[in-house]
1. Would you work out if the chain is rounded, prolate or oblate? Take a ≥ b ≥ c from the square roots of the eigenvalues of the alpha-carbon gyration tensor; rounded if a/c is under 1.5, else prolate when a/b is larger than b/c, oblate otherwise.
2. Note down the nm distance, to one decimal, between modelled labels 7 Å out along Cα→Cβ at Lys22 and at Asp51.
3. Can you give the helix-only mean residue ellipticity at 222 nm for the chain, where every DSSP H stretch with n ≥ 4 adds -39500 (n - 2.57) and the sum goes over all residues, rounded to the nearest 500 deg cm²/dmol?
4. Once you've got the GNM for the chain with C-alpha springs shorter than 10 Å, pick whichever of Lys14, Lys22, Lys53 has the biggest mean-square fluctuation.
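No value in this document is a laboratory result; all are computed from the given coordinates. Here the structure is a predicted model, which means the values were calculated and not measured. As a convention, Cβ positions derive from the backbone with ideal geometry for all residues, glycine included, and neighbour counts pool all protein chains shown.
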Amino acid sequence: MEMNEKLMRELKKKLEIEMEKKEIEIIEHWRKELEMIYRKRYENLGSMQIDIKGLMERMANRVSMLARMVKEGA
């Protein structure tokens, strides 16, 4: 029984590390997307708002897709 508990702790730790690595990748992806908007030279505020809205829509689409996948998997 002691071996099973140790194995479970090790597996849990590995899973947490992998999840943290994936979270880093995801945050880095969206940071790069936002940085492209930040660095772009806009002639007016409206143009920037359109790009920000597009980014927000892509993020919302991704969230809804992932939520659907989680729901189907559960």
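1. Oblate.
2. 3.1 nm
3. -33000 deg cm²/dmol
4. Of Lys14, Lys22, Lys53, the most mobile in the Gaussian network model is Lys14.
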